[in-house]
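Heads up: the structure comes next, in structure tokens.
Just so you know, all these numbers are worked out from the coordinates, no wet-lab data involved. All values reported here derive from a predicted model rather than from experimental measurement. Cβ coordinates were reconstructed from backbone atoms using ideal geometry, including for glycine residues, and neighbour counts include every protein chain displayed.
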Amino acid sequence: MYIDSRGRPARSREYNVRRRDQRYVASVPVTLQRFLRYGPVDTRGVSLDISARGMAALICGTPLVGETVVITLSLPNAPVEMLATVRHSSEARSGFEFCPLSRSAQQGIQDWIQELREHEEKLFPYPYASAADSR
């Protein structure tokens, strides 16, 4: 059940469950640099999914919500480094929203997402893809 801002149950059609960008399942090594009181600390992890604006990852050591971190993704072509904000965090997974990306980081992620999209379409062809693209 979804709750509106006044605490009343919201009608399901009023609740928008769509994301701005499609997410793609991807598991690559991730290095997270956190800036703690006693200095920067590198933490390792693995990505779970990614989009053009953010990603989810399983990280050793739970980062704090609102913390700004540097994420290094070990992509197939070259590593990509970016600044991100922790949006949610638990022992199971953490979610990150990318800060405005440099041109090279943005291009690296876009290329990688395109590869993931092509791979996904080969594995799970979507019969109505042409109709969805025409919107």
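Results, tabulated for the structure shown:
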{"item": "Pairwise label distance in nanometres, His119 with Asp21, each label 7 Å out on the Cα-Cβ vector", "result": "1.8"}
{"item": "Relative exposure of Cys99, Cys60, judged by other C-beta atoms within 10 Å (fewest first)", "result": "Cys60, Cys99"}
{"item": "Within region 38-114, GluC sites (Glu not before Pro) in DSSP loop having at most 10 other beta-carbon neighbours inside 10 Å", "result": "Glu91"}
{"item": "Charge sum, other residues only, whose C-beta stays under 14 Å from Gly108's C-beta, Lys/Arg counted +1 and Asp/Glu -1", "result": "-2"}
{"item": "Semi-axis lengths (Å, descending) of the ellipsoid that matches the C-alpha gyration tensor of region 18-121", "result": "22, 14, 13"}
{"item": "Packing-based order for 46-54, 34-42, 114-122, using average beta carbon neighbours within 10 Å, highest first", "result": "46-54, 114-122, 34-42"}
{"item": "Charge sum, other residues only, whose C-beta stays under 15 Å from Pro76's C-beta, Lys/Arg counted +1 and Asp/Glu -1", "result": "-2"}
